[in-house]
1. Looking at Leu65, Leu92, which is the one that is touching a strand residue (DSSP E or B) at 6+ places or on another chain (Cβ under 7 Å), closer than 22 Å to Thr213 by Cα and among the aliphatic types (A, V, I, L, M)?
2. With respect to Leu117, determine if the residue is surrounded by 20 or more Cβ atoms within 10 Å (Cβ to Cβ) and either more than 17 Å from Val33 (Cβ to Cβ) or within 18 Å of the chain's Cα centre (by Cα) (or both).
3. Considering segment 236-249 alone, what residues qualify as being surrounded by 20 or more Cβ atoms within 10 Å (Cβ to Cβ) and either within 20 Å of Asn87 (Cα to Cα) or among the acidic types (Asp, Glu) (or both)?
4. Kindly indicate which of Ile61, Ile44, Ile69, Ile55 is in a loop (DSSP other than H, G, I, E, B) and of a type in the set (Val, Ile, Thr).
5. In segment 72-89, which residues are over 12 Å from Cys137 (Cα atoms), touching a residue at least 60 places away in the same chain (Cβ under 8 Å), surrounded by fewer than 20 Cβ atoms within 10 Å (Cβ to Cβ) and charged (D, E, K, R)?
6. Could we say that Gly80 is closer than 19 Å to Thr10 by Cβ and touching a Leu at 6+ places or on another chain (Cβ under 9 Å) here?
7. Would you be able to tell me the number of residues in segment 91-114 that are in a strand (DSSP E or B), within 18 Å of Ser34 (Cα to Cα) and either over 18 Å from the mean Cα position of the chain (by Cα) or among the basic types (Lys, Arg) (or both)?
8. Out of (1) within 22 Å of Arg111 (Cα to Cα); (2) touching a Ser or Thr at 6+ places or on another chain (Cβ under 8 Å), the odd one out for His66 is which?
Amino acid sequence: MGAYPRVLLTKRPPIEQVQDPPEITATVENVVVSKSNVDRYLQICGFGADSSVPITYPHVIAMPLHLKIMGTRDFQLRPGGLIHLSNEIESLAEILPGAKLDVAVTACNYRPMYAGLAFDMATEIKQSGRAVWRETCVFVSPWPDPATQSTGRPPRPPRAPKTSEVLLEKLDVSMRTAWDYALVSSDYNPIHLEHRAARLFGLKGAIVHGMWTFARSLAEAPAPEIPPGTRLQTQWLTPVQMPAQVSIKQWSTEGEVHRALCDAKKGRVHMYTHWAANTH
């Protein structure tokens, strides 16, 4: 949490004045995968206690480097209002508790979008010099007046079809959920933890972490088969404002498996992830 004052209080220019933001890289070597933290993550995200390191967990390892980058003066966007739009994860090899990893994160590829100025937070994790995990998070810093800055329309990913299999009909999501995930992930963004802080950034109230919704959807039984080399692509469509009740659904189309976390009452898709089905 010590990084957050620097992240949130460093002065940034208005987004309209941001021009040619620099590419920023942060690295760290020999990070040991903590078994105790993995075990807490498994519990909070709903994985079985005997599960291996989930494909979403290395994001937690990279999170301190996200904060290091956002805390530098060269990072020109305001971290407090950033929105996590989408994600792509590629797991290249199994990661075990106790492994020593080298982590490199780069903020890059800035471009205007319909909602604001977007950029990639690209991560590569290596073990013994070999890449074992990659991730690209797409974040956006919103325009103050989207109507005057828009360069397109928001994408409209498919909704969960009526024939979807309901894996979990109802799950309560509360502020306790958000705080538990913050403690295990080091993501203390105030929009997830305090209603008043969330309203300052234009939200109706605190929203649960997007990466928790991603992990929780994958954790629901039956556990999906995701072999090494598979790319998971994820989009967040609407935030989960707490308290909430959500459901988890699954369906397949054209050789891909889809999982979605939806509003339990209205059926609205909050997030969905998809990957190529294993045909072997």
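1. Leu65
2. So Leu117 passes the test.
3. Trp236, Pro239, Val240, Ile248, Lys249
4. Only one candidate passes the filter, namely Ile55.
5. Listed by number, the list holds a single entry, Arg73.
6. yes
7. 3
8. The failed condition is (2).
The values are calculated or read from the model by the stated rules, or taken from the named source; none is laboratory data. Bear in mind that the values here come from a model prediction, so they are computed numbers and not experimental data. Heads up, the Cβs are rebuilt from the backbone with ideal geometry, glycines too, and the neighbour counts pull from every protein chain shown.
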